[in-house]
Structures are given as structure tokens and as C-alpha cells.
1. Report the full-extension gain for the segment Ile42 to Val222: residue separation times 0.36 nm, less the Cα-Cα distance, to one decimal in nm.
2. Taking 0.36 nm per residue of sequence separation and subtracting the Cα-Cα distance, how much length would be gained by fully extending the chain between Thr134 and Asp172, in nm to one decimal?
3. What is the extension gain from Leu62 to Asp198, computed as 0.36 nm multiplied by their sequence separation minus the C-alpha to C-alpha distance, in nm to one decimal?
4. Say the cut-off is 25 Å between C-alpha atoms; which of Lys73/Lys177; Lys94/Lys204; Lys34/Lys177; Lys177/Lys203 go over it?
5. Under 8 Å for C-alpha pairs, at least 6 residues apart: give me the relative contact order for region 29-139, rounded to a whole percent.
6. How about region 139-190: which trypsin sites (Lys or Arg not before Pro) there are in a DSSP loop, with at most 12 other Cβ atoms within 10 Å of their Cβ?
7. Rounded to a whole number of µm²/s, how large is the Stokes-Einstein D of region 29-139 at 4 °C and 1.567 mPa s, given Rh as the Kirkwood radius over C-alpha pairs?
8. Provide the packing ranking of 90-99, 179-188, i.e. peptides ordered by the mean count of other C-beta atoms within 10 Å per residue, highest first.
Amino acid sequence: MRERKIYTSFYEIPGVESHEPYFYPKPKKSITSKTEIIHLIIAIAILSIAFSFPLGGGGLLLKGFESIESAIKSYPLALFSILTGFFFHELSHKFVALRYGLWAEFRMYPEGLVFALLIGALLGFVFAAPGAVTIQGGARRFEIGRIAAAGPIANIVVAFISLVGYLSLGLDSNLGKILGFLCFINIFLAIFNLLPFDPLDGKKVIVWNAFAWGILMAIAIVIFFFYLNRMFILGIS
């Protein structure tokens, strides 16, 4: 009697074509998109133009066409300020959201940017609602609170580092003046965004954890009062 062969693999069976198993690589998650990059570039560029007018000493209604020349000179500092204030703030929201496995991308508000540009260019001060990080994926309350807190925390950290340099160098140094302005911009953004009203970050933080909100607001106010002792707003003082 012929011994029965036991096949240990499907591919050992006669007449069955053998193939090496193929493993499809798992697609990598992209942390950004072309749309987000375009929105960020537009928002940063327009906000920087809007801020360059108050930095230059005033808008068109106050200084006429001289304000344009002053704004051009002030644009590099305005751009640097927006990058350390607005950009870090929004990216902090984004990366904390990504940490929780959520989809998060920045989207600009065209009307808010146009309003900021007009007010900045004409009147020489800026009130801006440039856009926000849009989050999807069913975030839980504590995740929403922590994501919201991340933006003001980024501003507080930048403001504290800037304050240390500002208090050390003082107004006699150009670098000291720049650091003073960076401190002002960032601590203003932190306090403003921590106000407990919709749609600001503060409302989301206080709903999640009122104690954490109180600590963040207290730290921001303390930094602001230290700054007030040697207050300097470039282009104004």
C-alpha cells in the first residue's frame, strides 16, 4: 500500500500554482496636507502685513502713505512675531490632537483675515480672527480640553523665555526690544485665548478642568505684570 503524503502547506498540493505571499505596506499617515500648508502660508503672510502697520507707528489714516514705508521696514519683525505667536499656538493644538489619533488641520477664515488687514492698514491696530485648527474624530471632553490648553501653553512658554531675555537685556539693546515685543504679543494671545467665552480656548479648558484653567490664567497674568514693570511696545512706546 502506498503511503499517504501529508501536505503541510496549500502550495505543496500538486497542480496548485505556488506564489510567495505579498504583504502590502501600511500607508503612512500624513500629518499635513497641501490645503493646510496653503492656508497657513496665506494666514501668516496677511497677519504679518496687518501687524507691520502698528509696528511701524500707525496706519494710513494716521500717517498717510508714510505708513507703507514704515510697514515694509517692520515686516520682518511682524513675520517673526506671527511665527512665534500665532503659528506655534495653532501647531500646538494640532499636534496634541494628532497625539490622540484625531484628524486636525488648520483652516483660515478669509473674512477674518481681510478684516484684520483693513483694520491694521487703515487704523494701525489689529484685531484678528485668522482661522483655527479643525478637529474631527470624536474627541472626548478631556481631549478637547487638553487640545484647547495647548495653544495658550505654547504662548506662555514663548512669553516666559522672551521675558527673561527682555528683563536681562533691557531697552538699551535692540534684541531686548524685540524680545519685549515678543513677550507682549505672546502673553496677550495667551490671556485673550484663555478668556472663558466661546469660541475661545478658555471655555473648552474650563469645561474640562477649571483648576487647570485657573493655573494657566494665573501664570499668564503673573508674566504680564512682570512685563508691565518695564513695558515696551515696539512702534508705540
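1. Contour length minus Cα-Cα distance gives 61.4 nm.
2. That works out to 9.4 nm of additional length.
3. Result: 45.6 nm gained on full extension.
4. Lys34/Lys177; Lys177/Lys203
5. Worked out over region 29-139, it gives 35 percent.
6. The qualifying sites are Arg140.
7. So the translational diffusion coefficient is about 89 µm²/s.
8. Top to bottom by mean Cβ count within 10 Å: 179-188, 90-99.
The numbers here are math on the coordinates, done by the rules we state, and not lab data. As the structure is a prediction and not an experimental result, all values here were calculated from the model. Counting neighbours? That spans all protein chains shown, and the Cβs are built from the backbone with ideal geometry, glycine included.
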